[in-house]
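Below: one structure, written as structure tokens.
The values are calculated or read from the model by the stated rules, or taken from the named source; none is laboratory data. Just so it is clear, the model here is predicted, and its values are computed rather than measured. When we count neighbours, we look across all protein chains shown, and the Cβ atoms used for this are built from the backbone with ideal geometry, even at glycine. We work out accessible area using only protein heavy atoms, side chains counted, and drop any ligands, DNA or RNA first. Shrake-Rupley method; radii C 1.70, N 1.55, O 1.52, S 1.80 Å.
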Amino acid sequence: ILFTVLVLAVCRLVALIPIPGLDGAALASFFERNANQGGGLLGMYSLFTGGAMERCAIGSLGIMPYISATIIIQLMSAVIPQLSKLVREEGGRVKIIQYGRYLTVLLCLGQGFVMSLGWENPEKVFGQGFAGNLVLVENLWWYRIQTTLLLTTGTMLLMWLGEQISERGIGNGASLVITIGIVSRLPQALVALWLMFFPPKGVQASFNLFHGVALVLLLVGVVAAVIAVTQAQRKIPVQYAQRAVGRKVYAGGTSFMPLRVNYSGVMPIIFAQAILMFPEKIFFTLARVTEKGMAGFSHVCEAVAVALQHGSLMYVALEALMILFFSYFWVATQFNEIQIADDLKKYGGYIPGVRPGQATSDFLHRAMSRITLAGALFLAAIAIIPTVMFKWVGIPFEVGQFFGGTSMLITVGVMLDTTRQMESHLLMRHYDGFLKKGRLKGRF
């Protein structure tokens, strides 16, 4: 535990050390002044990096390129036969991890160069409200190369630290690195929460004690719902017949196959929010470009851009639909019911009342489709809670993002996994666990 805490402290240092030649203090003050402007792609990315991007720190890319590379390799393994075969071979998992690291370096080089260009033109990236220049170096090409290499090194260092936590610490290293970045924003949220009820002198408070009680109840309800759905699963009974392999006879038995309700985790929300950030910017750009020559088309583009702004009714509806789509997309690429049915048949297993082979595959497909719908509807509801609280209730965005969305799902999910890891370490050393009975109710 101490080793994990020390490594996470180093991760926080990576998010605080500024890149030479950049005025990180100016960008940090700009983000602080505009903290209540809502989410967006930059806000979500800054959340995952623990505020490193808004400080122009060497950890501004965070560990997200490594996560993205892992996801890309996973999706490619489900589509490309060579990679799918490599996963099932002995030692193939090591090769897949190695390919993921190579891809991480390529993504870091590309994203780091784009981020260096963005810091060169802050008014285009962060809005017209930013006045000033972030780059303090005259030689721009030297600045771009240096910044790209430093950002790539920062991400690879975070990736290595995450692997050290997995090998020598509690475990679940990459997820803990992301979680510590999210939790680091908690002090700012607490300050904003305090100012909601106790504003400075001369400012009238817009929230009272009843609002505070309602917020506490909502937080407890959301956390309880996230825990319940994260751990929810449908247990499919599996019966194994007695079989003989050579001279050995394996006895039959009864087991179950757990199908998770929230099989895709937080990925559908990340995909949906990342994709929905681009249409608004594209249509606003088209409206400005065609303002003189094509006034009618410009007005249409501007109207579409306004309708797709973060927090609008159309934005919320599209986000919910895209979360439903990506939930089924992730299950379709990662859950291979045909292979599961073949493996059951190979090892003499069958689902009672269902024929082995194609009938088992169809049964698993139907069962997974139904529980995925429940999980996707839950994800859509959790994703829109921060938007509703910020846009329609008036809760500061820093506070609202801890009541749902990606931050809540990631934090609760990682905390549950970390608790399970610690419980297993304690039981391996013959301790009773966290409670006298050695088990936490509702987990085992």
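Quick notes
- Considering the conditions (1) touching a Ser or Thr at 6+ places or on another chain (Cβ under 8 Å); (2) in a helix (DSSP H, G or I); (3) at pLDDT 85 or above, VAL216 is excluded by exactly one of them, (1).
- Unmet criterion (only one of (1) crowded, with 16+ Cβ neighbours inside 10 Å; (2) more than 16 Å from the chain's Cα centre (by Cα); (3) closer than 27 Å to PHE256 by Cβ) for ASP362: (1)
- Scope the stretch 169-215; condition under 20 Å from ILE410 (Cα atoms) and of a type in the set (Val, Ile, Thr); matching residues: ILE170, VAL177, ILE178, THR179, ILE180, ILE182, VAL183
- The residue that is modelled with the lowest pLDDT, among those in the stretch 41-65 that are open to solvent by 20 Å² or more (accessible area, probe 1.4 Å) and either touching a Lys or Arg at 6+ places or on another chain (Cβ under 8 Å) or of a type in the set (A, V, I, L, M) (or both), is LEU41.
- Residue count for the stretch 1-22 satisfying the condition of being farther than 14 Å from SER116 by Cβ, open to solvent by 50 Å² or more (accessible area, probe 1.4 Å), part of a loop (DSSP other than H, G, I, E, B) and not β-branched (Val, Ile, Thr): 1.
- The residues on offer are ALA131, ALA78, and the sole one that is within 25 Å of the chain's Cα centre (by Cα), modelled with pLDDT under 85 and open to solvent by 30 Å² or more (accessible area, probe 1.4 Å) is ALA78.
- Residue match in the stretch 313-326 (condition: buried (at least 17 other Cβ atoms within 10 Å of the Cβ), touching a residue at least 40 places away in the same chain (Cβ under 8 Å), small (Gly, Ala, Ser) and touching a Ser or Thr at 6+ places or on another chain (Cβ under 6 Å)): no
- Some residue of the stretch 339-355 being farther than 21 Å from GLY253 by Cα, touching a helix residue (DSSP H, G or I) at 6+ places or on another chain (Cβ under 6 Å) and open to solvent by less than 60 Å² (accessible area, probe 1.4 Å): no
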